[in-house]
Amino acid sequence: MPQPAPSHPARSGAAAALGAPAIAMGVSFLAFGAAVAAAGLGLAWALGASLLVYGMAGQLVLLQAGPSGAAAALGATAANARFLPMALAIAPWLGPSGARRWLALPFIAITPWAAAMRMLPGLPPAARLPWFLGFALVSWMVAGLATAAGFLAAPLLDAPLLAALLFANPLYFALLLAAELRLPASRRAILAGIAAAPLALLLPPAWGLLAAGLAGGTLAFLWGRRG
Amino acid sequence: MADPIAPVIQALGGALGGGHGLALALSALAMLALRAAGLLVAGALRPDHPLVAWAAAVSQATLAAFVALAVTAPGGAAAAVPWPARLAGLAVGLLAFRATGGRLLPALLAGLAALAAVRAVL
């Protein structure tokens, strides 16, 4: 059921990004910034990875792969390959297909995507893109600021604390998925994804997640078509 | 035959501060390409098109697999958190999410507190 149009959709999107999403993203990007500093790379590199790659799985592959150029980039791309199906799934909700939809391009990442997939179908079409951009810009700025803070505060953060902070991101995603379990299509995809997760342990880290997602998602899709 | 792209990539890498900079620049371009490909393919598809449904299923399954792996078999620094603490964090977070009627922030904080508490005891 469509909700009444918020009078300032961009502002209400921005406000929605400032609660749990900002904390979950903030702490994981903080941990990433500190890890970059520990690896001896610069602040510019840390910010570039957070703002331009903007997907934690790929960022961690880039950081851990070492200075191997194209090979590291290939691994990071495989780890973040979910951006393609995510962009495909969200595009119809970003308003009519046209130039304005492309404004969303750099911000398609898990946190804005998951929030938007929950919110946009309930908003009037004209409010959807502004809401997404409001949410996405705040998330993106939080990611950048947290990365810089983590980089600068690295000497103050000990390894056990950083390890705990890295857990905030998966926990936040687990909560988002729990909220989706009531929808049959989502339930199938989530259960199939968990069932396919062991596949990732058999493959190189960068490719494992892609393989598990493709296998689990395709299985869930076919299962839904049959039912 | 010499690869015509190699000198360009080498120059780019030099300008960006070596292998790490080059890897970052190439990845940033690849991320844009992935997102653009998704938007392009979606084109004028309706939200109920089977391809959109498949893409949503793959995205959600990837996310579910990511969470499952992060809890059961994390890589890198996160592996330093013992598994009972990871499991307690997840369980308490999900229970709090249910108890609060689906509020993200209290559930997130409760889960992280449980993780820290179990870890301190172990």
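FYI, it's all coordinate maths here, none of it is from the lab. This structure is a prediction, so every number in the text was calculated from the model and none was measured. Every residue, glycine among them, receives a Cβ derived from its backbone with ideal geometry; neighbour counts consider all protein chains shown.
For this structure, a couple of remarks:
- Counting Cα-Cα pairs of segment A:181-227 in 10 Å increments starting at 0 gives whole-percent bin shares of 32, 48, 19, 2.
- Fully extended contour minus Cα-Cα distance, from B:Ala79 to B:Asp48, at 0.36 nm per residue: 7.2 nm
- Positive contributions from Lys and Arg (+1) and negative ones from Asp and Glu (-1), summed over other residues with Cβ under 13 Å from the Cβ of A:Pro125, come out at +4.
- Label separation (B:Thr100 vs B:Val41): 3.6 nm, computed from points 7 Å beyond Cα along the C-beta direction.
- At least 18 Å along the helix axis (C-alpha) and Kyte average at least 1.6, DSSP helices within chain B: B:19-42, B:50-72, B:104-121
- Per-residue [θ]222 nm for chain A (sum of -39500 (n - 2.57) over DSSP H runs n ≥ 4, rounded to 500): -23000 deg cm²/dmol
- For residues of B:111-117, the mean tally of beta carbons on other chains within 10 Å: 4
- C-alpha center-to-center spacing [segment B:92-118, segment A:1-66] in angstrom: 21
- Take every Cα pair under 8 Å whose residues are at least 6 apart in sequence, average their separation, divide by the length of chain A, and the relative contact order is 33 percent.
- Its relative contact order, with pairs defined as Cα atoms under 8 Å and 6+ residues apart, puts segment A:181-227 at 44 percent.
- Taking the Cα atoms of segment A:107-198, the ratio Rg/Rh between the radius of gyration and the Kirkwood radius comes to 1.06.
- Relative contact order of chain B: 15 percent, from C-alpha pairs under 8 Å at least 6 residues apart in sequence.
- Phi-derived couplings, Karplus 6.51 cos²θ - 1.76 cosθ + 1.60 at θ = phi - 60°, listed residue by residue for segment A:185-200: 5, 5, 4, 4, 5, 5, 5, 5, x, 5, 5, 8, 3, x, 3, 5 Hz, with x used for Gly and Pro.
- Three-way shape label, the protein assembly as shown, alpha-carbon gyration tensor, a/c 1.5: rounded
- Anisotropy class of segment A:1-133 from Cα gyration tensor, a/c 1.5 cut: prolate
- Inter-label distance for B:Val121 and B:Leu109, nm, one decimal - labels placed 7 Å from Cα along Cα-to-Cβ: 2.2
- For the pair A:Arg187 and A:Arg226, label points projected 7 Å from Cα toward Cβ lie 1.7 nm apart.
- Shielding value for A:146-153 is 0, the average number of Cβ atoms from other chains within 10 Å of each residue's Cβ.
- Expected 222 nm ellipticity per residue - DSSP helices of 4 or more, -39500 (n - 2.57), all of chain B, to 500: -25500 deg cm²/dmol
- Candidates A:Ala146, A:Ala22, A:Ala65: whichever shows maximal mean-square fluctuation once chain A is modelled as a Gaussian network with Cα springs under 10 Å: A:Ala65
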